[in-house]
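Taking it in order: structure first as structure tokens, then the write-up.
The values are calculated or read from the model by the stated rules, or taken from the named source; none is laboratory data. A quick note: this is a predicted structure, and the numbers were derived from the prediction, not measured. As a convention, Cβ positions derive from the backbone with ideal geometry for all residues, glycine included, and neighbour counts pool all protein chains shown.
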Amino acid sequence: MKIKQWILNMPEYIPGRTIEEIKRQYNLKEVNKMASNENLYGPAPGVLEEINKSLNDIKYYPDSESREVRQKISKKYNISIDSIIMGNGIDQIIEMICEGFIEPEENIIVADPAFLIYEKSALKCNGNVIKIPLKEFSQDIKRMVDSVNDKTRILFVTNPHNPAGTKIDRQEFDYMMENIRDDVMVVMDEAYGEYMNDEERIDTIKYLSRYNNLMILRTFSKIYGMAGLRVGYGISNPLIISVLNRIRLPFNVNLVAQKATVIALENESYINKIRSEVREEKERFYRILEENSIDFIRSYANFILINTGRKSDIIIEELLKAGFIVRPGKNLGMPGYIRVTIALPEINKRFLETFVRIFNSTYKNQDIL
Ligand SMILES: *Cc1c(COP(=O)(O)O)cnc(C)c1O
């Protein structure tokens with residue numbers, strides 16, 4: 001077999017370790033996964049029942065246009081159904097955007113670090129990637145905009161950022177939309193957007209009428225608690241959406257996922273509940289980390305980046321032995337940190353006890369971090 005060389009050169013996405021894998025490796029009965037930013041409360045009431053009911057219909061193909069889901073989304077935000085595209089997660093929409101708009105040698109602009117799928121998708125289209133380092137853990141919006149050149153087609157921003165957890169301010173967003181060429185698409189990846197409250201969140205949908213080059217990405221994987229079903233969506237002007245629809249595989253969102261998503265959208269109060277629970281739990285993390293003088297980044301999402309210093313690897317290994325999977329920052333472009341997903345209260349409590357104990361004994365001889 002002749003293998004395309006550029007594929008071998010692509011950066012590799014390193015997923016979080018699985019619960020089964022860690023149970024086997026360390027001979028553990030209980031393992032908690034706090035590595036992939038899932039909502040560990042799970043989906044809204046009614047979703048699982050709907051999934052069970054939908055199983056009768058899996059002999060049929062799903063609706064290729066996910067009409068019921070798109071109708072619900074269009075009502076929720078008061079936007080036209082033609083401005084919505086569904087994907088097998090945001091991941092797939094990112095791929096479609098690159099396929100649709102990147103010619104060889106054209107480029108995208110991303111933060112460094114950023115969600116790896118942006119880069120991988122651009123590389124698959126023989127595009128280039130311009131990376132702009134974070135500035136004090138936030139995306140350097142001004143520099144990202146200033147770095148646009150005549151080959152730039154897309155600027156990817158993430159709000160809140162993953163893995164830093166920081167947000168983009170409204171003034172920065174305004175600056176970006178005002179100052180970027182209108183033939184450069186601005187992709188606002190809002191995978192964790194629902195974790196912000198109304199004052200913190202930018203109402204990006206309001207900007208769609210002013211800016212034809214804006215694309216908003218949202219997902220049912222995060223606050224909606226349905227990561228395993230793979231449903232995400234994009235909102236943009238109907239022309240961009242029609243281009244993506246030409247590329248989209250016809251049955252990209254499966255039947256069970258579509259049914260479940262409709263019910264999830266009927267239960268928005270559940271999302272509000274999750275948001276406030278997670279905010280409370282984040283306060284617990286902040287309090288305990290501060291009490292122990294452990295450095296971390298304040299987060300607008302459902303995860304926290306914690307500074308574990310040069311003994312990160314040892315701490316991660318000890319956490320695994322104790323039954324906690326966290327994400328090594330070095331796999332996310334943040335060496336010396338771990339990214340920890342906020343879990344359920346009891347698990348958070350146990351995690352923090354265990355983590356503080358491990359952290360303190362790892363650095364017990366007053367080693368420098
Ligand atoms: C999790 C995540 C996604 C992926 O979402 P899916 O809908 O599950 O594909 C997209 N962007 C960011 C920044 C994420 O963290």
From the list Glu38, Glu95, which one is within 16 Å of the ligand (Cβ to nearest atom), at pLDDT 95 or above and more than 30 Å from Lys273 (Cα to Cα)?
-> Glu95
Being farther than 23 Å from Ile14 by Cα, of a type in the set (S, T, N, Q) and either out of contact with any Lys or Arg (no Cβ under 7 Å at 6 or more places or on another chain) or surrounded by fewer than 18 Cβ atoms within 10 Å (Cβ to Cβ) (or both), is that true of even one residue in the range 329-350?
-> no
All but one of (1) outside the structural domain of Tyr61 (by TED's automatic domain parsing); (2) of a type in the set (Ser, Thr, Tyr); (3) not in a helix (DSSP H, G or I) hold for Ser312, so report the exception by its number.
-> (3)
Restricting the range 214-245 to residues that are away from the ligand (no atom under 15 Å from the Cβ) and free of Cβ contacts under 8 Å to residues at least 40 places away in the same chain, the residue that is surrounded by the most Cβ atoms within 10 Å (Cβ to Cβ) = Leu214
With (1) closer than 22 Å to Gly165 by Cα; (2) in a helix (DSSP H, G or I) as the list, and Val110 as the residue in question, which single condition is left unmet?
-> (2)
Checked the range 99-118 for anything within 14 Å of the ligand (Cβ to nearest atom) and surrounded by 23 or more Cβ atoms within 10 Å (Cβ to Cβ); matches are Val110, Ala111, Ala114, Tyr118
Segments classed as helices (runs of 4 or more DSSP H), wholly inside the range 1-96, with at least 3 members that are closer than 30 Å to Arg153 by Cα = 5-8, 67-77
Kindly establish whether Ile73 is closer than 21 Å to Asp91 by Cβ, assigned by TED's automatic domain parsing to the domain that holds Arg218 and in contact (Cβ under 8 Å) with a residue 12 or more places away in the chain.
-> yes
Scan (1) within 16 Å of the ligand (Cβ to nearest atom); (2) over 18 Å from Ser74 (Cα atoms); (3) of a type in the set (A, V, I, L, M, F, W, C) for the single condition Ala264 breaks and write down its number.
-> (2)
If you go through the range 73-80 one residue at a time, do you hit one that is of a type in the set (Ser, Thr, Tyr), farther than 21 Å from Lys222 by Cα and touching a Lys or Arg at 6+ places or on another chain (Cβ under 9 Å)?
-> no
